[in-house]
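The values are calculated or read from the model by the stated rules, or taken from the named source; none is laboratory data. Quantities reported herein were computed from a predicted structural model and do not represent experimental measurements. Backbone-built Cβ (ideal geometry, glycine too); neighbour counts: all protein chains shown.
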Amino acid sequence: MDAVDAALEGTVALVTGASSGIGAATAEVLAAHGAAVALVARRADRLEELSARLNAAGGTTLVIAADMAYEAQVREAVERTVTELGRLDTLVNNAGLMILGPAAAATTDEWRRMVDINLTGLMNTTHAALPHLAAAAAEGSRRVADVVNVSSVAGRVAFAGSSAYCATKYGVVAFSEALRQETAGRHVRVSVVEPGAVDTELREHNSPEVQEALTRRFGSIERLRARDVADTIGYVVTRPRHVAVAELLVRPTEQV
């Protein structure tokens, strides 16, 4: 964990999907800014490894194994964060699932799982966190709190072979904007970050054929790295109280 500054000193963040990729990198960035970080994901072993690394660098972490598809687990994760770390200032909804392919060949179980994690899970986590975020904005030294929802380019442009995935990511964008309007007066900022092609494990949920199609689609372009997106999230949540970044689209330079 590289030291950045103390912009988030004394605050607490919760990051979902923190066991790898963008989530793990975001936890590192927020910890480097001084936040205590609750690490939430299904793979507890990965979380423990990340926690040990951040703690060794001087951070404070809390490991919570949870599946975002289950509301009870989501709510327990939020409550444990507040109980054990004392507050909640920043929520990063990053957990996601991407299963691609033609709609006619898909199973509705795959669609349901994506909706449960990408959209419903994100909404449930946010709902559980909102009272605590509002309290942090009203009482904390920074007097502002943040929800950052990780969507995708697929939340702005629909692609063949991605119908259900696009539907969930469009839903994240719409939910984020409506919620932003509701919470702006309380200084709970709501932002949506939309990455383009990122070199993470997300594609590995797909068949070898779909993964090969993705490789052909993006060719030899240099993809974003998880840290690139994490740095973007770090920028969003460290803005002064009067500055809200509502939406950020981040693409690899060569992606069209």
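Summary table
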read-out: Test for Val4: is it at pLDDT below 95, in contact with a helix residue (DSSP H, G or I) (Cβ under 8 Å, 6 or more places away or on another chain) and either under 23 Å from Arg239 (Cβ atoms) or not in a strand (DSSP E or B) (or both); value: yes
read-out: Criterion: buried (at least 18 other Cβ atoms within 10 Å of the Cβ), of a type outside the set (Asp, Glu) and part of a loop (DSSP other than H, G, I, E, B) - qualifying residue of Gly34, Gly23, Gly10; value: Gly34
read-out: Residue within the stretch 85-103 that is free of Cβ contacts under 8 Å to residues at least 24 places away in the same chain and of a type outside the set (Val, Ile, Thr) present; value: no
read-out: Subset tally (residues that are surrounded by fewer than 18 Cβ atoms within 10 Å (Cβ to Cβ) and either within 23 Å of Glu222 (Cα to Cα) or at pLDDT below 90 (or both)) for the stretch 161-201; value: 3
read-out: Subset of the stretch 37-63 that is in contact (Cβ under 8 Å) with a residue 40 or more places away in the chain and under 21 Å from Met98 (Cβ atoms) - its residue that is surrounded by the most Cβ atoms within 10 Å (Cβ to Cβ); value: Val40
read-out: Hey, Gly101 crowded, with 16+ Cβ neighbours inside 10 Å and on the phi > 0 side of the Ramachandran plot or not; value: yes
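Yes/no per residue for (1) closer than 24 Å to Asp67 by Cα; (2) more than 20 Å from the chain's Cα centre (by Cα); (3) part of a helix (DSSP H, G or I):
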| residue | (1), (2), (3) |
| --- | --- |
| Ala104 | no, yes, yes |
| Asp116 | yes, no, yes |
| Asn124 | yes, no, yes |
| His127 | yes, no, yes |
| Leu130 | yes, no, yes |
| Ala134 | no, no, yes |
| Ser141 | no, yes, no |
| Ala158 | no, yes, no |
| Ala167 | yes, no, yes |
